[in-house]
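For reference, the structure is listed below as structure tokens.
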Amino acid sequence: MPEGFNLKENCGLCVAHSLHDIYSFIKSLQHRGREATGIAFIGNKRIDVIKWVGKVEMFDLEDLYKIFNINEYHTFFAHVRYATRGRKDKILEDAHPHTIGGIEERRGGHTIIRDCDLVGVHNGQINPEFFSKIDKTQLKTGCDTEALLHYFKDNGERGILKNIPGSYTLAIASKDRKDVIILRDRFGLKPGILGWKDGKYCMASEDCFFREKGVSYKKDIDPGCVYYFSPEGDYTKEEVITSTPKYCFFEYNYVSSVDSIINGVPVRKVREFLGEELAKEFKIDADLVTFLPRCPEFAARAYSQKTKIPFAHVFYKPRGERAFLGSTPEERKTSIQDNLYLIPETFDTSSKTFLKDKTIILIDDSTIRGNNSKRAIEVLKNAGVKKIYLLNYTPKIGLIGEDGIKRGCLYGVDMPPEDNFVVRDSVQERNREDSEISEQIGAEVHFLSVNGMFNAFEKAGLPRDHFCSFCIGGEKII
């Protein structure tokens with residue numbers, strides 16, 4: 001029996017009506033998780049599952065067609081997993097879809113589960129207190145998604161929305177139910193998008209791939225509602241509980257693709273406004289503005305445009321992976337060390353002509369543990385840069401609040417309150433001064449104010465009271 005529900009996630013999920021589409025969709029959501037991939041095959045009175053360790057491309061689409069008789073299934077859902085806590089040595093066991101029932105066969109780095117009774121995929125995190133009445137002897141993992149399936153079995157989809165406040169975007173299929181069920185928590189903490197392709201509706205965590213995959217964006221999944229996706233490709237919706245929006249601002253600042261539209265607002269536009277707010281708060285004399293790849297590019301360009309300081313690409317990353325999504329500190333460190341370099345034109349090893357003696361403004365989305373920033377600053381200093389200003393368009397995450405409570409994320413992003421935040425001295429249990437943070441990082445560090453960040457969101461059309469702000473000093477929402 002698991003000791004508790006201690007797995008936090010910020011993952012990607014999608015629902016479609018063909019294997020080709022579901023494979024293509026989930027591959028486009030790879031930026032939300034790379035530890036494990038899983039697909040559920042849903043037919044009439046038949047549900048089968050496959051999941052494997054690693055990225056989507058680790059399992060070839062052609063072989064999926066060989067393993068499963070596609071004519072038996074009408075709907076598919078898929079998941080990429082980014083586990084932020086929990087059993088790092090049990091990645092395949094904890095991977096989604098989670099199941100109740102079925103015959104499981106483990107085959108090296110993948111597993112096949114045939115004839116399941118219930119399956120589910122989930123993006124978010126549930127407080128363990130909401131599972132107090134579940135028979136924990138029935139659980140195989142410590143994952144809150146598996147617990148949600150058991151809760152669904154006893155209380156149904158309306159019971160989840162009424163009694164569990166969040167955070168989740170969740171898809172469930174039951175052998176005894178015709179439709180696939182999709183839920184989004186009452187706060188809308190985790191995103192969910194409704195699309196339409198080839199005469200059938202589909203769903204995904206983001207719409208970033210919709211345009212390139214021939215999918216028409218329809219709308220965001222409404223918080224507090226249950227959606228029933230029929231085998232024929234249509235859907236019906238029922239509002240179960242009144243929504244009180246408390247979106248996650250980190251979806252805009254970092255997690256989501258810059259090409260996505262979340263809650264009706266383009267991520268790109270929000271990041272541009274964040275750059276403009278940085279320009280208002282920090283007027284610095286510098287030679288050029290650049291960014292730490294890849295999220296902050298449009299914020300850096302907006303900062304450059306407002307300040308008239310020239311913009312330049314300085315870094316490149318050979319791989320598109322995000323170090324933040326690494327399973328362990330060691331994996332994150334390796335990803336950073338092996339995946340950040342200077343563009344050759346910016347740096348001549350003999351003369352250091354371009355960057356030597358320059359003052360540079362380096363824009364980043366956030367500084368959580370400081371690993372990325374330290375590496376970038378080290379690389380710049382080795383190139384002969386005279387002075388570096390690190391500007392973050394996300395306020396300080398992980399402070400000890402005025403109420404004495406340690407901040408961090410409680411709702412599914414890899415920033416738990418007990419983490420090793422660079423803004424906090426964990427030994428002395430106090431917040432660091434800006435000068436101390438700068439000393440830790442190796443450059444002069446500044447953070448956008450909370451008011452500045454929410455000014456940017458309001459410019460984009462999202463009221464500040466529609467956001468959770470616990471990780472930056474606000475109140476708990478659950």
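The values are calculated or read from the model by the stated rules, or taken from the named source; none is laboratory data. Keep in mind it's a predicted model, so treat the numbers as computed, not measured. Every residue, glycine among them, receives a Cβ derived from its backbone with ideal geometry; neighbour counts consider all protein chains shown.
Here are a few things to note about the model shown:
- Test: residue in the stretch 56-71 that is among the aliphatic types (A, V, I, L, M) and closer than 30 Å to P417 by Cα: no
- Strands (runs of 3 or more DSSP E) contained in the stretch 43-127 and holding at least 1 residues buried (at least 21 other Cβ atoms within 10 Å of the Cβ) and of a type in the set (G, A, S): 73-81, 118-124
- With respect to the conditions (1) surrounded by fewer than 19 Cβ atoms within 10 Å (Cβ to Cβ); (2) modelled with pLDDT of 95 or more, V427 falls short on a single one, namely (2).
- For the criterion of being under 30 Å from K190 (Cβ atoms) and aliphatic (A, V, I, L, M), L380 fails.
- Residues of the stretch 225-263 classified as of a type in the set (S, T, N, Q), in contact (Cβ under 8 Å) with a residue 60 or more places away in the chain and over 23 Å from V215 (Cα atoms), total: 1
- Residue count, the stretch 158-174 (criterion: outside any strand (DSSP E or B), modelled with pLDDT of 95 or more and surrounded by 20 or more Cβ atoms within 10 Å (Cβ to Cβ)): 3
- Yes/no for T141 being among the polar types (S, T, N, Q) and within 27 Å of K246 (Cβ to Cβ): no
- Extreme residue, modelled with the lowest pLDDT, among residues of the stretch 373-393 that are in contact with a strand residue (DSSP E or B) (Cβ under 7 Å, 6 or more places away or on another chain) and polar (S, T, N, Q): S373
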